[in-house]
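Let me begin by presenting the structure, written as structure tokens, before commenting on it.
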Amino acid sequence: MKRTIILGNTKQIDKDVELCRTTNERISNQAAQLLMENRIPFTRGWIRIPFFQREKYRGASQIYTIRINRNRYSQARRTIDQMDDLFKQRLVLSNY
């Protein structure tokens, strides 16, 4: 049985925080593109909205989320602040 070697500080592994969320896929793609242009690593996923709660989210079937490493949060937040105000209004930004 081989032993696995973990490089770096093990307390810093998998410390992602949510940067923003939206129900609009186009806005999510715009934010992801902006993060890629500024070379900020992120993960993008979605949360399925149950059928009976969709009225609360104006009929959307899923919520798109963007998560980043907590050490890069301030850099990513400055990048998102560069977005057009019309796009940024549809994002729910976290206050990490």
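Just to verify a result, which residue in the stretch 45-65, among those that are in contact with a helix residue (DSSP H, G or I) (Cβ under 9 Å, 6 or more places away or on another chain) and surrounded by 14 or more Cβ atoms within 10 Å (Cβ to Cβ), is nearest to Leu19 (Cα to Cα)?
At the first step, the residues of the stretch 45-65 found to be in contact with a helix residue (DSSP H, G or I) (Cβ under 9 Å, 6 or more places away or on another chain) are 46, 61-62, 64-65.
This time we only want the ones that are surrounded by 14 or more Cβ atoms within 10 Å (Cβ to Cβ), so: 46, 62, 64-65.
Values: Trp46: 13, Gln62: 17, Tyr64: 11, Thr65: 8 Å.
Result: Thr65.
Does the stretch 68-91 hold any residues that are of a type outside the set (Lys, Arg) and part of a helix (DSSP H, G or I), and which are they? First the steps, then the outcome.
Step one: of the stretch 68-91, the residues of a type outside the set (Lys, Arg) are 68-69, 71, 73-76, 79-87, 89, 91.
Scanning the stretch 68-91 gives Asn71, Tyr73, Ser74, Gln75, Ala76, Thr79, Ile80, Asp85, Leu86, Phe87.
Answer yes if at least one residue in the stretch 54-67 is touching a strand residue (DSSP E or B) at 6+ places or on another chain (Cβ under 8 Å), assigned to a strand (DSSP E or B), at pLDDT 90 or above and among the hydrophobic types (A, V, I, L, M, F, W, C), and no otherwise. Don't jump to the end; show me each part of the working.
From the stretch 54-67, those touching a strand residue (DSSP E or B) at 6+ places or on another chain (Cβ under 8 Å) are 57, 61-67; that's our starting set.
Filter once more, so that each one left must be assigned to a strand (DSSP E or B): 62-67.
Applying the additional criterion that residues be at pLDDT 90 or above yields 62-67.
Filter again for among the hydrophobic types (A, V, I, L, M, F, W, C), leaving 63, 66.
The answer is yes; a qualifying residue exists.
Consider Asn95 carefully, then state whether it is of a type in the set (S, T, N, Q) and open to solvent by less than 70 Å² (accessible area, probe 1.4 Å).
On the way: of a type in the set (S, T, N, Q): yes; open to solvent by less than 70 Å² (accessible area, probe 1.4 Å): no.
So Asn95 does not fit the description; no.
Tell me, which residue of the stretch 68-91 that is in contact with a strand residue (DSSP E or B) (Cβ under 8 Å, 6 or more places away or on another chain) and not polar (S, T, N, Q) is surrounded by the fewest Cβ atoms within 10 Å (Cβ to Cβ)? Before the answer, list the steps.
Here is the first cut: in the stretch 68-91, the residues in contact with a strand residue (DSSP E or B) (Cβ under 8 Å, 6 or more places away or on another chain) are 68-70, 73, 76-77, 80, 90-91.
Still in the list and also not polar (S, T, N, Q): 68, 70, 73, 76-77, 80, 90-91.
On the way: Ile68: 24, Arg70: 13, Tyr73: 17, Ala76: 24, Arg77: 16, Ile80: 19, Arg90: 16, Leu91: 20.
Result: Arg70.
Could you tell me whether Lys2 is basic (Lys, Arg), open to solvent by 90 Å² or more (accessible area, probe 1.4 Å), at pLDDT 85 or above and not in a strand (DSSP E or B)?
No: the conditions fail for Lys2.
The values are calculated or read from the model by the stated rules, or taken from the named source; none is laboratory data. Since the model is a prediction, treat every value here as computed from it, not as a measurement. As a convention, Cβ positions derive from the backbone with ideal geometry for all residues, glycine included, and neighbour counts pool all protein chains shown. Accessible surface areas use protein heavy atoms only, side chains included; no ligands, DNA or RNA. Shrake-Rupley method; radii C 1.70, N 1.55, O 1.52, S 1.80 Å.
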